[in-house]
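Structure record follows, encoded as structure tokens.
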Amino acid sequence: MPKNLFSRYIWIIDTIRRHGAITRDQLNELWCRADVSDGERLPRRTFYNYRNAIEELFKINIECDPSTYEYYIDNGGDKHDDSVTEWMLNSAAMSNMLTDARSVSHRVFLEDVPSSRQFLATVINAIKEQKPLRFTYSNYTRSNPTPDVAVEPYFLKLFRQRWYVTGRNVAEDKIKTYALDRMAAVILLNDKFAMPDSFDPEQYFADCFGIMFSHAEAKRVVIRVEARQAKYFRALPLHSSQQEMIHDNYSIFTYRLKLTADFLQELLSHGANLTVMEPAELRVMITESLKASLRNYEN
């Protein structure tokens with residue numbers, strides 16, 4: 001597919017999504033001002049061809065409301081599949097915008113995702129073909145890399161600009177998670193495996209903040225956050241279970257989460273703007289960590 005044609009598909013999807021609903025005349029007006037159009041209008045037949053191609057390629061239905069003659073995107077479908085498609089489209093739309101911004105690239109600063117460069121495609125192929133991976137792994141808690149780690153990959157997760165793969169460690173017969181940027185010498189094996197029917201990737205991290213898993217029970221977590229800081233929590237919730245009760249000078253946020261180390265670090269990163277109210281064991285974990293930090297400076 002020509003690169004410019006793919007960019008045109010992404011532009012149409014992104015424009016309709018951002019407007020919610022838009023007539024073809026309005027879409028044409030925006031199209032003529034966009035770089036992907038080369039200054040030419042979008043003929044009706046071409047638009048319908050693009051619309052069919054978008055449905056076939058991305059499984060996205062662009063529907064028309066007969067009462068208003070406005071086009072919109074039908075959001076029906078599997079929730080998880082929709083979230084993956086949304087991420088892919090956001091990435092592609094961002095790529096389009098950055099391509100248009102090459103003239104000011106010296107003033108655009110991006111975060112690096114090193115784990116996506118070398119082994120992401122190999123891991124995706126392993127998941128699709130249900131084949132194990134073998135690699136050398138550098139765990140930060142060990143002085144030397146571990147060679148010949150064999151893993152049956154179950155699913156991928158992106159967290160804090162890093163890709164992780166979760167699957168069964170063959171030698172240990174345990175479900176483990178590995179960061180792609182700590183892997184080396186990754187090889188796709190010829191054996192076949194089947195993910196157990198009882199394993200649900202969606203539920204595995206459902207009660208976890210990030211990438212750390214715990215067999216412990218999820219707890220009701222209650223935190224108090226200053227009013228200004230609460231705006232950030234509203235814009236970017238810590239977890240899907242987040243609920244808020246707004247007060248004059250602060251907000252109370254409630255979650256259902258397991259008390260993992262990465263969640264603890266996230267709470268500590270907000271400093272004095274956040275106070276843990278419940279549970280008591282999490283308050284102890286927070287205070288002990290703060291005391292240990294203070295001792296580092298006192299010594």
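One quarter of the convex hull surface built on the alpha carbon atoms of the range 199-274 amounts to 5.1 nm², the projected area averaged over directions.
For the residue pairs K59/K128; K128/K157; K174/K219; K157/K258; K157/K231; K131/K157, the C-alpha atoms sit more than 22 angstrom apart in K174/K219; K157/K231. Report note on the peptides 127-139, 238-250: ranked by the mean count of other C-beta atoms within 10 Å, highest first, their order is 127-139, 238-250.
Ordered by the count of other Cβ atoms within 10 Å of each Cβ, fewest first, F199, F119 give F199, F119. In plain terms, if you count all Cα to Cα distances in the range 114-198 and split them into 10 Å steps from zero, the share in each step is 18, 57, 24, 2 percent. Counting beta carbons within 10 Å around each of F6, F263 and listing the fewest first gives the order F6, F263. For the range 121-135 and the range 227-292, what is the centre-to-centre distance using only Cα atoms, to the nearest Å? If you average the Cα positions of each part, the centres end up 37 Å apart.
Values in this text are rule-based calculations from the coordinates and carry no lab data. Note that this is a predicted model, so its numbers are computed, not measured. Positions of Cβ are backbone-derived with ideal geometry, glycine not excepted, and every protein chain shown enters the neighbour counts.
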